[in-house]
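This report refers to the structure that appears directly beneath it.
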Ligand SMILES: [Fe+2]
């Protein structure tokens with residue numbers, strides 16, 4: 001079966017590679033760049049080190065420090081305004097998914113006229129922006145290698161939308177696990193489960209392909225092995241390095257295979273209750289895997305094999321789904337992922353969650369057709385678990 005492989009972002013990977021940002025910018029011909037990050041990363045002192053490294057090579061630096069979670073469209077305009085005034089020839093995004101998505105979107109406006117809202121969704125014709133370097137400081141989103149940005153469209157009911165396509169991706173991702181060392185345990189767990197969901201959903205997606213399987217399976221096994229270690233001891237550089245690689249591989253995996261029900265539910269819980277993204281995607285993942293198991297026999301077996309559960313062809317898809325569900329429940333518990341009840345969500349709100357989630361974009365990539373009743377049952381089971 002034919003498929004697309006669009007994930008061509010070059011990557012410089014490894015501890016301390018962030019200290020090559022200046023050199024790489026210089027090699028790419030940049031003399032004047034805009035750094036994009038949020039206040040949390042600023043307080044952690046992460047951008048300063050990289051900015052110093054860049055300035056040491058004589059490259060001019062402007063900064064946009066106003067990145068917000070679920071980046072609203074107007075923040076993109078604010079950042080782009082600074083970039084245009086300074087006439088920058090490169091953008092550097094440092095941080096989690098929001099910072100990297102903001103940097104991607106600002107870069108679009110370096111090559112295309114405002115407002116950013118004109119370019120939401122697939123298929124918008126975009127001219128290339130400037131050089132774009134992305135440095136993740138979490139291990140989850142995979143945004144450093146994907147060809148999309150997720151933004152909040154304040155002109156359309158605060159819907160999550162975003163530009164996508166090959167002109168959106170980074171010129172270079174610099175994935176330096178050292179930048180993730182300071183991440184507190186709950187954020188390590190939440191973002192790590194985001195990576196897990198990207199991979200498990202990609203492998204079982206209706207649009208899975210041979211390449212996304214390879215990348216997704218590897219990401220799943222690395223998350224299962226190293227996420228508990230990274231949560232327990234944030235300074236474990238080996239665990240952090242494997243998690244950085246897992247998040248990146250999962251990003252490559254879902255870029256073309258796309259996610260499905262975990263993210264449909266996750267986006268809805270995130271916008272209704274402000275639950276951290278990875279936790280919101282993962283908390284019903286056991287029930288989702290059981291629900292889809294028989295519609296994707298190969299997919300569910302692959303997920304189980306990658307988790308080390310021995311779900312080869314001798315195991316029925318239904319049993320494989322059960323094994324995978326039990327193992328994800330155990331993983332969620334081990335790393336302290338909160339349940340729906342622990343988030344104080346009223347069971348009476350679940351029908352609203354289900355009816356909103358079914359209309360979220362990723363739901364259409366579920367390997368099993370789904371309606372809001374199915375999602376309600378999934379949510380109720382997750383609630384009771
Ligand atoms: Fe995600």
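The values are calculated or read from the model by the stated rules, or taken from the named source; none is laboratory data. In this text, all values refer to a predicted model and were calculated from it rather than measured experimentally. Neighbour counts are summed over all protein chains in view; Cβ atoms, including those assigned to glycine, are modelled from backbone coordinates with ideal geometry.
Going by what's in this entry, would residue 91 be described as modelled with pLDDT of 95 or more and surrounded by 24 or more Cβ atoms within 10 Å (Cβ to Cβ)? It is true that residue 91 is modelled with pLDDT of 95 or more and surrounded by 24 or more Cβ atoms within 10 Å (Cβ to Cβ). Taking the criterion of being within 24 Å of residue 52 (Cα to Cα) and either modelled with pLDDT of 95 or more or surrounded by fewer than 17 Cβ atoms within 10 Å (Cβ to Cβ) (or both), would at least one residue in region 117-126 satisfy it? No. Suppose the filter is touching a strand residue (DSSP E or B) at 6+ places or on another chain (Cβ under 9 Å), under 22 Å from residue 139 (Cβ atoms) and part of a helix (DSSP H, G or I); does residue 75 pass it? Here the answer is no, as residue 75 does not meet what is asked. Taking interchain pairs and intrachain pairs at least six residues apart, which have beta carbon atoms under 8 angstrom, with the first residue in region 123-142 and closer than 15 Å to residue 88 by Cβ and the second within 16 Å of the ligand (Cβ to nearest atom)? Sorted first by the residue in region 123-142, then by its partner, the pairs are 132/104.
Take residue 323 and decide whether it is part of a helix (DSSP H, G or I), over 25 Å from the mean Cα position of the chain (by Cα) and surrounded by fewer than 19 Cβ atoms within 10 Å (Cβ to Cβ).
Numbers: part of a helix (DSSP H, G or I): yes; over 25 Å from the mean Cα position of the chain (by Cα): yes; surrounded by fewer than 19 Cβ atoms within 10 Å (Cβ to Cβ): no.
The answer is no for residue 323.
Just to be sure, is residue 242 touching a strand residue (DSSP E or B) at 6+ places or on another chain (Cβ under 7 Å) and either part of a helix (DSSP H, G or I) or without any contact (Cβ under 8 Å) to a residue 24 or more places away in the chain (or both)?
no
When you check residue 315 against the structure, is it within 23 Å of the chain's Cα centre (by Cα) and either away from the ligand (no atom under 16 Å from the Cβ) or on the phi > 0 side of the Ramachandran plot (or both), yes or no? No; evaluated as a whole, the condition is false for this residue. Yes or no: region 16-26 includes at least one residue that is at pLDDT below 95 and touching a strand residue (DSSP E or B) at 6+ places or on another chain (Cβ under 7 Å). No, there is no match, as no residue in region 16-26 is at pLDDT below 95 and touching a strand residue (DSSP E or B) at 6+ places or on another chain (Cβ under 7 Å). The strands (runs of 3 or more DSSP E) located wholly in region 1-71 that include 2 or more residues which are touching a residue at least 60 places away in the same chain (Cβ under 8 Å) occupy 11-13, 32-36. Do you know which residues across region 268-291 are under 20 Å from residue 157 (Cβ atoms) and within 11 Å of the ligand (Cβ to nearest atom)? Within region 268-291, 270, 277, 280 meet the criteria. Inspection of region 165-185 finds no residue satisfying the criterion of being within 16 Å of the ligand (Cβ to nearest atom), under 18 Å from the mean Cα position of the chain (by Cα) and over 30 Å from residue 1 (Cβ atoms).
All of 285, 307, 289 fail the test of being out of contact with any strand residue (DSSP E or B) (no Cβ under 6 Å at 6 or more places or on another chain), surrounded by fewer than 23 Cβ atoms within 10 Å (Cβ to Cβ) and modelled with pLDDT of 95 or more, apart from 307. Residues in region 159-179 that are in contact with a helix residue (DSSP H, G or I) (Cβ under 7 Å, 6 or more places away or on another chain) and closer than 15 Å to residue 11 by Cβ: 172, 174, 175, 176, 177, 179. Hey, does region 252-262 have a residue that's away from the ligand (no atom under 14 Å from the Cβ), surrounded by 24 or more Cβ atoms within 10 Å (Cβ to Cβ) and modelled with pLDDT of 95 or more? No, because not a single residue in region 252-262 is away from the ligand (no atom under 14 Å from the Cβ), surrounded by 24 or more Cβ atoms within 10 Å (Cβ to Cβ) and modelled with pLDDT of 95 or more. Screening the candidates 301, 369, 329 for the property of being without any contact (Cβ under 8 Å) to a residue 60 or more places away in the chain and within 30 Å of residue 120 (Cβ to Cβ) yields one hit, 369.
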